[in-house]
Structures are given as structure tokens and as C-alpha cells.
1. Round to a whole number: what % of the accessible area of the chain belongs to carbon and sulfur, probe 1.4 Å?
2. What's the center-to-center distance, using Cα atoms, between the stretch 239-292 and the stretch 356-395 in Å?
3. Which net charge results for the neighbourhood of residue 221, defined as the other residues with beta-carbon distances under 13 angstrom from its beta-carbon, given Lys and Arg at +1 and Asp and Glu at -1?
4. Kindly report, to the nearest 10 Å², the accessible surface of residue 102 as traced by a 1.4 Å probe over protein heavy atoms only.
5. Rounded to the nearest 0.05, what FRET efficiency do residue 3 and residue 188 give with R0 = 30 Å and r taken as the Cβ-Cβ distance? Could you check?
6. In terms of the Cα gyration tensor, with a ≥ b ≥ c the square roots of its eigenvalues, is the stretch 134-226 rounded because a/c is under 1.5, prolate because a/b exceeds b/c, or oblate?
7. Please report the relative contact order for the chain, taking Cα pairs under 8 Å with a sequence separation of at least 6, and give it as a percent rounded to a whole number.
8. Quick one: 3J(HN,Hα) in Hz for the stretch 278-294, Karplus 6.51/-1.76/1.60 with θ = phi - 60°, rounded, Gly and Pro as x.
Amino acid sequence: MQQRKAIRRDDPQGPRLERTGSVVRIRSLAAGRQLLRERHRTTQAGFTAEKIPKGFLKHHPILISDGPLHDEQRTKVGRFFAPKVVAERYPGLMADSADRLLAGVEGELLLDDLALLYSVEVTAKVVGLTESPVEKMAGRLTTFFNQPPFDITKPDLGRTGKQWAAAAVNGLVPVARFYVRDVRPAVRARRKEPRGDVISHLIAEGYTNADILIECVTYGTAGMVTTREFICMAAWHLLTDEDLRSRYEAGEERDRIAVLNEIIRLEPVVGHLYRRVQESFSIEDGSDSMNLEPGDLVDVCVRDANVDPEAVGSDALSLCPARNLPRGVDAAALTFGDGAHRCPGQPLALLEADALLTRLLALNPRIVSEPELGWDDLIAGYTLRGFRLALALNG
């Protein structure tokens with residue numbers, strides 16, 4: 001049964017392994033995992049990583065660094081996002097934030113707005129961006145996405161000179177504002193008095209203010225904005241599928257997390273992961289194989305790989321929490337990536353979503369208007385806007 005809501009008609013369709021010139025697309029989950037684990041033969045190419053200059057930064061951003069530097073960065077920052085740490089340190093923070101935001105609702109709410117404030121508030125405290133109002137910081141973060149369209153498979157991202165000029169203005173001005181109003185005050189406060197957050201860790205590691213700014217932009221877009229979309233998508237499924245909602249509400253935390261993992265498997269927020277080949281090697285998909293050469297751009301089509309029937313079953317487009325998956329495959333499939341660049345924020349994102357959704361559902365929400373589905377090139381994924389709910393009771 002087809003239960004996917006985020007359907008993009010213009011997504012390229014094709015075989016499990018496909019080459020078009022120097023662009024290779026992978027729609028097989030097994031081959032996608034193999035490619036993402038080729039850490040020494042590929043480098044990060046997504047999120048416009050190849051267009052970010054390296055010379056003026058002392059530390060290359062964790063999202064786009066590779067090799068030993070990336071390993072060291074991941075090891076040190078991992079303590080903030082490890083499942084045990086998340087389960088012990090952040091539930092109270094999430095509960096307080098969700099309770100306060102929902103208590104302020106009178107009658108109706110726009111879930112995409114509330115989810116943005118909630119995800120920004122929670123992640124900001126984990127990162128250390130606590131010296132400015134959450135509402136204003138959330139607004140500044142969303143302006144990062146006001147960018148001209150681009151196609152990562154084309155030379156110069158397929159942009160015209162005029163579009164690149166617009167991208168520079170639309171990108172640099174919001175980043176400057178974010179630095180002056182959010183990042184710099186947080187850094188100053190933590191240089192005086194370190195705390196147990198990411199910014200304090202970066203300062204201790206010798207990161208410059210420019211380095212810290214880029215890392216905060218990374219956490220701002222990956223940790224806050226994408227969580228917003230997932231919360232809205234999960235709510236959309238739960239409020240339109242009575243059986244799924246009943247299972248979610250009746251379950252213990254681990255059962256609810258299983259439901260959320262299955263939703264995000266079917267509806268990955270980031271739909272494509274890109275790598276640039278640096279050394280020749282071949283990828284395998286059953287009896288098929290393909291040779292990759294230096295310079296090839298590889299597109300791991302997450303939306304296709306996550307519904308690969310050979311990996312997740314013939315019912316891949318339906319929601320089946322705790323489905324039987326191949327050994328070693330995560331419950332969310334490739335939603336959070338794999339290999340060296342696997343997103344460390346999965347435990348935080350799922351627990352964060354669960355804290356808000358359980359409280360929201362307890363208020364018996366009714367859909368007033370379903371969200372409008374859109375697409376964003378930067379994250380290669382969907383956006384949901386205008387998701388209006390009415391609350392039957394507000395305790």
C-alpha cells in the first residue's frame with residue numbers, strides 16, 4: 001500500500017545502478033551503504049560542500065570534512081549526541097519546551113511554526129546558542145534557505161552569474177546577522193564561563209570565531225530546520241492514520257521511537273546524499289556491478305534506497321514499524337546516512353520529536369488545513385508549510 005506523502009514527480013527514475021556521463025545514481029540500499037562507507041575513496045559533495053572555500057578556516061566544518069580530521073571531530077563531538085547522553089541529559093529540556101509552547105496556544109496553531117520554535121530552542125541549548133531570543137534566531141535561520149535553485153550535477157551548480165550574485169547576497173547577509181546576534185554573544189559568554197555544550201567544546205579545541213560560526217550554521221540547518229520538517233511529517237501521518245496513531249499512543253517509548261523511525265524511513269527529510277569519487281573502485285548490487293572513476297559524482301538516492309524492496313520488503317511503501325530488515329541496516333535505513341558521515345543526531349531528533357508529538361496528541365488535535373508540500377535544493381528534501389491544527393482541549 002502506498003502511504004508516502006512526499007512524492008516528487010520530477011525525481012529522476014531509473015535502474016538501481018545508473019550512469020549518465022560522470023554522474024552515477026544509486027537506488028539500491030545495499031549499494032548505497034557500500035558507497036557511503038568508501039571513506040578513503042570518496043569525499044563529501046552534498047550541501048554545496050565543494051563550493052565552500054577551505055583556506056580561511058582553521059578547522060574544516062564537520063559536515064563536509066573528510067579523513068582523519070573528520071574522525072577526530074566526530075569522536076569528540078559525539079559525546080553530545082550519543083544515545084545514552086541524549087536519554088539522560090535532554091528529556092527534561094524537551095518536555096519543558098514542549099509544555100510551554102503548547103500551553104501558549106489558544107484554539108489553533110500552525111504546526112510548522114511551533115515545530116520550528118521547539119526544534120530551535122532544544123538544539124540551541126545543546127549547541128550553546130542561548131544568548132539571544134529563540135523566536136528571532138529561528139527567523140534568521142530560515143532565511144538561509146532563501147537561495148536560487150541549483151543542480152549539483154551540473155557545472156557551476158547550473159547557476160547563472162546573476163543567480164550566483166543573488167546567492168552570495170542571500171547567503172552572506174543572513175550569516176552575518178546570525179553571527180552578530182546569535183553566535184558572537186554565545187561565544188563571548190562561553191569564553192568567560194565554559195558550559196557543557198558544543199560551543200564550549202569548540203572553544204576548548206581552539207576553533208576560531210569563523211570556525212564556530214560555520215559549525216553553528218551546520219547545526220542550525222541540520223539539527224533544527226530538518227527536525228521541524230520531520231515533526232510535521234510525523235504528525236501528518238499520525239493524524240491521518242488512526243491505526244498508526246493508536247499504536248503510537250499505546251506504546252512505550254521504544255515502541256513510539258520504532259514508529260518514528262519507520263515514518264522517517266518512508267519520508268526521509270534529506271532525499272539525496274552526494275559523494276565525489278577520488279580513487280577508482282567498483283560498487284556491487286547483487287550480480288550487477290559498476291566501476292567508479294575519479295571525478296565521478298555519485299548520487300545516493302535515499303528516497304529510492306529506503307524503499308528498495310530487496311532490502312525492506314515488497315511492502316516498502318507502507319508503514320510497518322519494527323519491520324524485519326537485513327542485518328546491520330538501521331531502522332531508518334539511509335535516512336541518517338551511513339559510514340563516516342552518518343548523522344550523529346538521530347537519537348536526539350527522534351526523542352525530540354517524540355516529546356512534542358506525545359504532548360500534542362494528548363490535546364486531541366484536528367487538522368484544519370493539511371500542509372503544502374514543497375522542495376528545497378540545499379537539503380535535497382521536502383518542506384511542509386501551512387499545517388494548521390485546532391486543539392480540542394488545552395490543559
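The values are calculated or read from the model by the stated rules, or taken from the named source; none is laboratory data. These numbers were taken from a predicted model, which means no experiment stands behind them. Virtual Cβ from ideal backbone geometry, glycine too; neighbours counted across all protein chains shown. Side chains included, ligands, DNA and RNA excluded: accessible areas come from the protein's heavy atoms. Shrake-Rupley method; radii C 1.70, N 1.55, O 1.52, S 1.80 Å.
1. On the way: 8880 of 17330 Å².
Reported share for carbon and sulfur atoms: 51 percent.
2. The two parts, judged by their Cα centres, are 21 Å apart.
3. On the way: positive: 140, 228; negative: 215, 229, 376, 377.
After counting each charged neighbour, the total is -2.
4. Roughly 10 Å² of residue 102 is accessible to a 1.4 Å probe.
5. On the way: r = 48 Å, r/R0 = 1.61.
The formula returns an efficiency of 0.05 here.
6. Values: a/c = 2.45, a/b = 2.09, b/c = 1.17.
Prolate shape, in that a/c is at least 1.5 and a/b is the bigger ratio.
7. On the way: 579 pairs, mean separation 113.0, N = 395.
So the answer I get is 29 percent.
8. 10, 9, 5, 6, 10, 10, 10, 9, x, 8, 8, 8, 8, 8, 10, 10, x
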